[in-house]
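These notes are about the structure you will find just below.
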Amino acid sequence: MTIQEAIKERHSVRSYTARPIDGAVLAALNKEIETCNRESGLNIRLVLNDPDAVKGLFASYGAFENADNYLALIGPDTDDLFERCGYWGERLVLFAETLGLNTCWIAGSYKKGRVKKLLGSGERLAAIISIGYGAKPGHAHRSKPYEQVTETDGTEPEWFRAGVEAALLAPTAINQQKFRFVWKNGAVEAKALRGPYSLIDLGIVKYHFEIGAERSLPRA
């Protein structure tokens, strides 16, 4: 599966089997985490076999089951931390999809005190991402129309539209899609609107846009 295919196939999954993440899949995942941390300056951690972080808790759309593994999105406590964690966390989400794993972003419905034990000096926790082999497939979410998430003068190129369409397939908090992509004077600007966890969402949709448009955006 390519990353482009993963964008279309990925759906949030909250119920997992007991199958462990191990062998070649674990090795590939750890290697990608190391690459993301090196390139981003974050300290993303993979935690395995910890059933207590989300046990008994509910996400916006249902309860978690057997969510014993997760990625802890950790980094220096800077103003751009949440956007960066969104961007690099989603890179790992889509990479995991290519490995046959399933995921779900969890920004609020987890026991932060337990996960914060992983923090080093000067670090902050932005969110976690459950990861594992799904017990059942996730479901596609409804997306806003292209026109509701863009501001253009009508001259935008096809690659801009392709990027926005990829961004509309991205996960966002409570499926709010509080973002805008602006085409003005031949340049692209991505904006976060007001809403819960919208800065994390901005990083997520930026990564999707780049994959769809096959072009890089300015990073936080």
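The values are calculated or read from the model by the stated rules, or taken from the named source; none is laboratory data. Just so we're clear, the structure is a prediction, and the values are computed from it rather than from any experiment. Positions of Cβ are generated from backbone atoms using ideal geometry, with glycine treated the same way; all protein chains shown enter the neighbour counts. Areas reflect the complete protein model, heavy atoms only, side chains present, ligands, DNA and RNA absent. Shrake-Rupley method; radii C 1.70, N 1.55, O 1.52, S 1.80 Å.
Among the residues making up the range 24-46, those that are polar (S, T, N, Q) and either in a helix (DSSP H, G or I) or at pLDDT below 95 (or both) are Asn30, Thr35, Asn37, Ser40.
Scanning the range 117-140 for residues that are closer than 17 Å to Ile200 by Cβ and open to solvent by 60 Å² or more (accessible area, probe 1.4 Å) returns a single hit, Arg124.
Residues are listed down the side, and each one gets a yes or a no for (1) polar (S, T, N, Q); (2) at pLDDT 95 or above; (3) part of a loop (DSSP other than H, G, I, E, B); (4) touching a Lys or Arg at 6+ places or on another chain (Cβ under 9 Å):
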| residue | (1), (2), (3), (4) |
| --- | --- |
| Asp153 | no, no, yes, yes |
| Leu169 | no, yes, yes, yes |
| Phe181 | no, yes, no, yes |
| Glu189 | no, yes, no, yes |
| Arg194 | no, no, yes, yes |
| Ile200 | no, yes, no, no |
| Val205 | no, yes, no, no |
| His208 | no, yes, no, no |
| Ala220 | no, no, yes, yes |
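Residues of the range 110-127 that are assigned to a loop (DSSP other than H, G, I, E, B) and either over 13 Å from Asp50 (Cβ atoms) or touching a Lys or Arg at 6+ places or on another chain (Cβ under 6 Å) (or both): Leu119, Gly120, Ser121, Gly122.
Look through the range 188-218, keep the residues that are among the basic types (Lys, Arg) and under 23 Å from Glu5 (Cβ atoms), and return whichever of them is most open to solvent (accessible area, probe 1.4 Å). Top of the filtered list is Arg215.
One line per residue, one yes/no per condition, for (1) aromatic (Phe, Trp, Tyr); (2) more than 22 Å from Asn66 (Cβ to Cβ):
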| site | (1), (2) |
| --- | --- |
| Phe82 | yes, yes |
| Tyr87 | yes, yes |
| Arg91 | no, yes |
| Lys112 | no, no |
| Val115 | no, no |
| Ser121 | no, yes |
| Ala126 | no, yes |
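When Ile204, Ile129 are checked against the criterion of being β-branched (Val, Ile, Thr), within 30 Å of Lys111 (Cα to Cα) and in contact with a strand residue (DSSP E or B) (Cβ under 6 Å, 6 or more places away or on another chain), Ile129 stands alone in meeting it.
Restricting the range 155-164 to residues that are outside any helix (DSSP H, G or I) and either modelled with pLDDT under 95 or buried (at least 16 other Cβ atoms within 10 Å of the Cβ) (or both), the residue that is farthest from the chain's Cα centre (by Cα) is Thr155. Filtering the range 165-185 to residues that are closer than 14 Å to Gly212 by Cα and under 16 Å from the mean Cα position of the chain (by Cα) leaves Ala166, Ala167, Leu168, Leu169, Ala170. When Ile106, Ile131 are checked against the criterion of being aliphatic (A, V, I, L, M) and at pLDDT below 95, Ile106 stands alone in meeting it.
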